[in-house]
Amino acid sequence: MPNQPTQLKISAQETGRIDKQLATLLSDVSRSQIKKWIEDGNVTVNKQSVKPKYHLQAGDIVQVIPEQPQKIDLEPENIPLEIVYEDDDVLVVNKPQGMVVHPSAGHPNHTLVNALLYHCPLSHINGEYRPGIVHRIDKDTSGLLMVAKNDRAHRSLAAQLKAKTNQREYVALVHGVIKEDQGTIDAPLGRSPKDRKKQAVVADGRPAVTHFRVLKRYLHYTLVACKLETGRTHQIRVHMKYIGHPLAGDPLYGPRKTLKGNGQYLHARLLGFKHPVTGKEMVFEAPLPTWFAQMLKHLDQTDLPRTN
């Protein structure tokens, strides 16, 4: 990835959509990263800002000024972990609400990765700041994550995710009463054109499929189980909002008037995969955390439909 400004003069063979062409010309930079640079104004054409869909012309002068990454010193930290399962190859952890999975510019430490590094060796495939991390859940989502302790395990677990052979089920509390007992949301997701901090259903987004079934109906809320076919950023949160039932407590996608708490009511309760070495089918479950269970108990007392 270039760290210094790069200037390119586009030839007749290099014309086309700018984000796609730059991903080819700058082979060590992903298209999504290039798109972010364009949206942030770090890429200009003939000294003018453009959009990712801009069509490069022969003779265009492209200037790329990449963001300088914030230096992060990844240190092991003695942070307690709730380990559900562990052997020489994999580890399953029940992440608490409020913990970030891996370091980033906004969260340089006190993450799950910092805690894992203190506990055991991790795979190196995902780079310096995401060792062992095969998949992620949001900071304010609680629940189960599988972690790779070596590169062989990482490759196997990542392949299972790609092939959609693993199991991932979440419990979510959403606004409104869902009439259907079950359903499937098949809607592509990508960065919101209105707010870069958000994801949204967009026509040219990446495929995303969420299956849901109703567990319990309240007067103003519905408790659902959601199974993921894909694992896009904020997938359940965006998909449930898309069908008119945003997650309770969600500060990004939910309504202003919502249930009190420290974030969305979303818990990764079930995780299943084949062991990367033995091939044995493994399934783990984590009960609802106290904060979630207490809210459901409160709704049982205050928001259940009357039966006469």
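Return the long-range amide H neighbours of Tyr218 (sequence gap of 5 or more, or a different chain), with a cut-off of under 5 Å between placed amide H atoms.
Residues meeting the criterion, in which the H sits 1.01 Å from N, are Leu223.
Would you kindly work out the equivalent ellipsoid of the chain from its C-alpha gyration tensor and give its semi-axes, the square roots of five times the eigenvalues, largest first in whole Å?
Output for the chain: semi-axes of 37, 26, 18 Å.
Using only helices, what value at 222 nm comes out for the chain when you add -39,500 (n - 2.57) per DSSP H run of length 4 or more and divide by the total residues, to the nearest 500 deg cm²/dmol?
It comes out at -5500 deg cm²/dmol, rounded to the nearest 500.
Based on Cβ point charges of +1 for Lys and Arg and -1 for Asp and Glu, what charge dipole magnitude is obtained for the chain about its Cα centre, in debye rounded to the nearest 20?
Rounded to the nearest 20 debye, it is 1080 debye.
If each residue of separation counts as 0.36 nm, what is the full-extension length gain between Arg206 and Lys53 once their alpha-carbon separation is subtracted?
53.5 nm
Taking loop as defined by DSSP and a crowding limit of 16 other beta carbons within 10 Å, which trypsin sites (Lys or Arg not before Pro) in the stretch 262-308 fit?
Lys280, Arg306
I need the phi-derived Karplus couplings for the stretch 156-170: 6.51 cos²θ - 1.76 cosθ + 1.60, θ = phi - 60°, integer Hz, Gly and Pro marked x.
5, 5, 5, 5, 5, 4, 5, 7, 6, 9, 8, 10, 9, 10, 10
Can you list residues whose amide H is under 5 Å from Gly176's amide H, if they're 5+ apart or on another chain and H is modeled 1.01 Å from N?
It is Tyr221, Thr222, by chain and number.
Modelling each spin label as a point 7 Å along the Cα-to-Cβ direction, I'd like the Val277/Leu219 distance in nm, to one decimal.
5.6 nm
Is the stretch 69-163 rounded, prolate or oblate when judged by the Cα gyration tensor, a ≥ b ≥ c being the square roots of its eigenvalues, rounded requiring a/c under 1.5 and prolate requiring a/b larger than b/c?
The shape class here is rounded.
According to a simple spin-label model (label point 7 Å from Cα along Cα-to-Cβ), what is the distance in nm between Gln63 and Gln167?
Here the answer is 5.6 nm between the modelled labels.
Enumerate the amide H contacts of Asp140 below 5 Å, restricted to partners 5 or more residues apart or on another chain; note that Pro and chain-start residues carry no placed amide H.
Gly98
Using mean Cβ contacts within 10 Å as the protection proxy, how do 32-41, 55-64 order, highest first?
32-41, 55-64
Quick one: what are the phi-derived ³J(HN,Hα) couplings along the stretch 266-272, Karplus 6.51/-1.76/1.60 with θ = phi - 60°, whole Hz, x for glycine and proline?
Values, residue by residue: 8, 9, 7, 8, 9, 9, x Hz.
How much length is gained if the chain between Thr24 and Asp151 is pulled fully straight, taking 0.36 nm per residue apart and subtracting their Cα-Cα distance, in nm to one decimal?
Result for the pair: 42.9 nm of gain on full extension.
Taking the Cα centre as origin and putting +1 on Lys and Arg beta-carbons and -1 on Asp and Glu beta-carbons, what dipole magnitude results for the stretch 69-163, to the nearest 20 debye?
Dipole size: approximately 360 debye.
Top mean-square fluctuation among Val201, Val43, Val174, Gaussian network model of the chain, C-alpha springs under 10 Å?
Sorting by GNM fluctuation, first place goes to Val43.
Laboratory data are not the source of any read-out in this text; all were calculated from the coordinates shown. In this text the structure is predicted, and so the values were computed from the model without any measurement. Neighbour counts are summed over all protein chains in view; Cβ atoms, including those assigned to glycine, are modelled from backbone coordinates with ideal geometry.
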